[in-house]
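Colleague: This is the structure I have questions about; it appears just below.
The values are calculated or read from the model by the stated rules, or taken from the named source; none is laboratory data. These figures come from a predicted structure and were not determined experimentally. Here the Cβ positions follow ideal geometry from the backbone for every residue, glycine too, while neighbour counts run over all protein chains shown.
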Amino acid sequence: MVKVRVLVTLKPGVLDPQGKTVRNALESLGFKGLTDLRIGKVMEIKMDGVSPEEARAQVEEMCQKLLANPVIEDYRYEVEEASAERKPAAQRDR
């Protein structure tokens with residue numbers, strides 16, 4: 001099994017009103033010194049029956065065709081081989 005994490009962010013210079021709103025809210029809560037805050041997307045994809053190289057090729061195509069808007073967004077991804085074991089319920093991430 002291959003696990004891929006895709007990170008999509010707005011390109012520099014593209015306005016991010018959601019990020020600005022969150023930054024302002026954090027400042028109103030007393031967090032000081034924030035110079036910028038940008039909002040992005042994280043997608044986790046698990047793939048069976050493919051090698052890491054095949055997964056990279058497929059994910060690159062997925063990003064170009066659907067997962068990211070190349071006009072206003074940048075993307076990057078991390079590929080790792082993952083075991084098929086599941087964590088016990090008490091240890092699952094939230």
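Colleague: Of all the residues that make up segment 36-85, how many are touching a Pro at 6+ places or on another chain (Cβ under 7 Å) and assigned to a loop (DSSP other than H, G, I, E, B)?
Modeller: Taking segment 36-85 and keeping what is touching a Pro at 6+ places or on another chain (Cβ under 7 Å), we get 64, 79, 81.
Pick out the ones that are also assigned to a loop (DSSP other than H, G, I, E, B) and you get none.
Residues flagged as touching a Pro at 6+ places or on another chain (Cβ under 7 Å) and assigned to a loop (DSSP other than H, G, I, E, B) within segment 36-85 amount to 0.
Colleague: Only residues that are closer than 21 Å to Q64 by Cα and either among the aromatic types (F, W, Y) or touching a strand residue (DSSP E or B) at 6+ places or on another chain (Cβ under 6 Å) (or both): list them for segment 17-44, please.
Modeller: Result: G40, K41, V42, M43, E44.
Colleague: Just checking, how many residues over segment 6-22 are without any contact (Cβ under 8 Å) to a residue 60 or more places away in the chain and basic (K, R)?
Modeller: So the answer is 1.
Colleague: Identify the single condition in (1) touching a Ser or Thr at 6+ places or on another chain (Cβ under 7 Å); (2) within 28 Å of S83 (Cα to Cα); (3) not hydroxyl-bearing (S, T, Y) that R38 does not satisfy, given that it satisfies every other one.
Modeller: (2)
Let's see how each residue does on (1) closer than 19 Å to K11 by Cα; (2) touching a residue at least 24 places away in the same chain (Cβ under 8 Å):
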{"site": "N24", "(1), (2)": "no, no"}
{"site": "K32", "(1), (2)": "no, no"}
{"site": "R38", "(1), (2)": "yes, yes"}
{"site": "E44", "(1), (2)": "no, yes"}
{"site": "V50", "(1), (2)": "no, yes"}
{"site": "E53", "(1), (2)": "no, no"}
{"site": "E60", "(1), (2)": "yes, no"}
{"site": "Q64", "(1), (2)": "yes, no"}
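Colleague: Ok, one more. Within segment 71-94, work out how many residues are modelled with pLDDT of 55 or more, surrounded by fewer than 10 Cβ atoms within 10 Å (Cβ to Cβ) and small (G, A, S).
Modeller: The qualifying residues number 2.
Colleague: If I filter segment 42-70 down to residues being under 13 Å from V2 (Cα atoms) and β-branched (V, I, T), which single residue comes out as surrounded by the most Cβ atoms within 10 Å (Cβ to Cβ)? Please lay out each step first, then the result.
Modeller: As a first pass, look at segment 42-70 and keep what is under 13 Å from V2 (Cα atoms): 44-59.
So of that shortlist, the ones also β-branched (V, I, T) come out as 45, 50, 59.
On the way: I45: 16, V50: 16, V59: 23.
Checking each candidate, the answer is V59.
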